[in-house]
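A.B. asks: I have a structure I would like to understand better, so I am pasting it below and will then ask my questions one at a time.
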Amino acid sequence: MQGPLSVWLVKHGLVHRSLGFDYQGIETLQIKPEDWHSIAVILYVYGYNYLRSQCAYDVAPGGLLSSVYHLTRIESGIDQPEEVCIKVYVPRKNPRIPSIFWVWKSADFQERESYDMLGISYENHPRLKRILMPESWIGWPLRKDYIAPNFYEIQDAY
């Protein structure tokens with residue numbers, strides 16, 4: 001089932017995939033990484049003027065990584081603003097997504113955190129560097145295949 005934004009995107013010839021609705025009834029769409037920047041600008045012009053959150057997660061060990069964007073249309077006099085969730089999937093080898101920092105400035109620290117924890121490179125981000133881990137840290141701690149350095153499991157402690 002397609003939501004109103006998906007129908008609008010189809011009407012204007014913009015490539016995407018509808019992923020249905022979440023438990024709150026918020027429409028969820030999948031956008032290809034190469035189309036993300038242009039669709040982000042279109043969504044901003046369409047009225048999604050607030051990036052509520054950006055996060056990322058590891059879909060499966062050895063599988064895809066996902067960058068998730070929650071966008072809201074903020075208008076005066078509206079009690080229930082329209083929201084949409086955008087998911088951009090990338091392969092774990094050389095994961096690259098265009099940064100939306102230049103569209104929504106609030107993406108700054110959020111994209112940096114996703115880079116720091118999962119290694120997703122946000123192209124054209126002005127300050128893409130580690131934000132939580134030291135610069136000397138090796139690897140991406142929130143990837144499901146990450147092995148912590150100097151980790152020794154205690155076995156047969158008795």
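The values are calculated or read from the model by the stated rules, or taken from the named source; none is laboratory data. Since the structure is predicted, the reported quantities are computational estimates derived from the model, not experimental observations. No Cβ is skipped: glycine too gets one built from the backbone with ideal geometry, and neighbour counts run over all protein chains shown. In case anyone asks, the SASA skips ligands and DNA or RNA and just uses the protein heavy atoms, side chains included. Shrake-Rupley method; radii C 1.70, N 1.55, O 1.52, S 1.80 Å.
A.B. asks: Between Ile39, Ile100, Ile74, Ile86, which is more than 25 Å from Gly139 (Cβ to Cβ), open to solvent by less than 10 Å² (accessible area, probe 1.4 Å), without any contact (Cβ under 8 Å) to a residue 60 or more places away in the chain and not in a helix (DSSP H, G or I)?
C.D. replies: Numbers: Ile39 fails: not in a helix (DSSP H, G or I); Ile100 fails: without any contact (Cβ under 8 Å) to a residue 60 or more places away in the chain; Ile74 fails: open to solvent by less than 10 Å² (accessible area, probe 1.4 Å).
Result: Ile86 is the single residue among Ile39, Ile100, Ile74, Ile86 that is more than 25 Å from Gly139 (Cβ to Cβ), open to solvent by less than 10 Å² (accessible area, probe 1.4 Å), without any contact (Cβ under 8 Å) to a residue 60 or more places away in the chain and not in a helix (DSSP H, G or I).
A.B. asks: Take Asn94 and tell me if it is surrounded by fewer than 16 Cβ atoms within 10 Å (Cβ to Cβ), at positive phi and modelled with pLDDT of 95 or more. Let's see the steps before the verdict.
C.D. replies: Details: surrounded by fewer than 16 Cβ atoms within 10 Å (Cβ to Cβ): yes; at positive phi: yes; modelled with pLDDT of 95 or more: no.
Answer is no for this residue.
A.B. asks: Moving to a separate point now. Please go through segment 12-36 and give me each residue that is in contact (Cβ under 8 Å) with a residue 12 or more places away in the chain, out of contact with any Asp or Glu (no Cβ under 8 Å at 6 or more places or on another chain) and of a type in the set (Phe, Trp, Tyr), ordered by number.
C.D. replies: Residue satisfying the conditions is Trp36 alone.
A.B. asks: Out of segment 58-67, which residues are part of a strand (DSSP E or B) and surrounded by fewer than 16 Cβ atoms within 10 Å (Cβ to Cβ)?
C.D. replies: Initially, segment 58-67 is screened for residues part of a strand (DSSP E or B), giving 58, 64-67.
Residue satisfying the conditions is Leu64 alone.
A.B. asks: Sort out which residues of segment 103-137 are of a type outside the set (Ser, Thr, Tyr), within 18 Å of Tyr50 (Cα to Cα) and in a loop (DSSP other than H, G, I, E, B), and write them in order of number.
C.D. replies: Those that are of a type outside the set (Ser, Thr, Tyr), within 18 Å of Tyr50 (Cα to Cα) and in a loop (DSSP other than H, G, I, E, B): Val103, Trp104, Lys105.
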